[in-house]
Amino acid sequence: MFDIGFYEMVIVGVVALIVVGPKDLPKMFRTVGQYVGKARGMARQFQNAMNDAARQSELQDVKKAMDGVSQGVKAATDPLGQATKSARAYANSMMTEPDPIAEEEAAKRAEAAAAKSAATEPHFDEMPDPEPAAEPVPAEPKK
């Protein structure tokens, strides 16, 4: 971690022995050990928090993927529901979108019906003379 070799540790120990003294050296090592332990604990907590965040992010991605798969599984295991949904969507699209072919056919039928009625209806010049009205029959007197 710090890349300190054996000889460097010996030099630090000798300097600490000279500066601190043999009487207070065990207290100093205990205090340094406590601080190092606290620093390691904080580093471990930070590392665990980062791992949890990464794991949670991965879980959310997996959950999204599984939701997509579960929708596919539902569709595969419920063919009647899927067919019903598909039929409703088709019916709605047919109700909202006009069919251009059907409109053309309806227009042609209307034109043909108009031409047929025009051909069968007599024109005013071709109309026959009206029949003379019958003379009224006198009523018999009552006795």
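On the stretch given as the stretch 27-77, residues that are in contact with a helix residue (DSSP H, G or I) (Cβ under 9 Å, 6 or more places away or on another chain) and more than 30 Å from G13 (Cβ to Cβ) total 3.
Within the stretch 1-23, residues that are within 21 Å of A39 (Cα to Cα) reach no partner that is modelled with pLDDT under 85 and among the hydroxyl-bearing types (S, T, Y) with beta carbons closer than 6 Å at six or more positions or on different chains.
The values are calculated or read from the model by the stated rules, or taken from the named source; none is laboratory data. Keep in mind it's a predicted model, so treat the numbers as computed, not measured. Glycine gets a Cβ as well: all are built from the backbone with ideal geometry, and neighbour counts include every protein chain shown.
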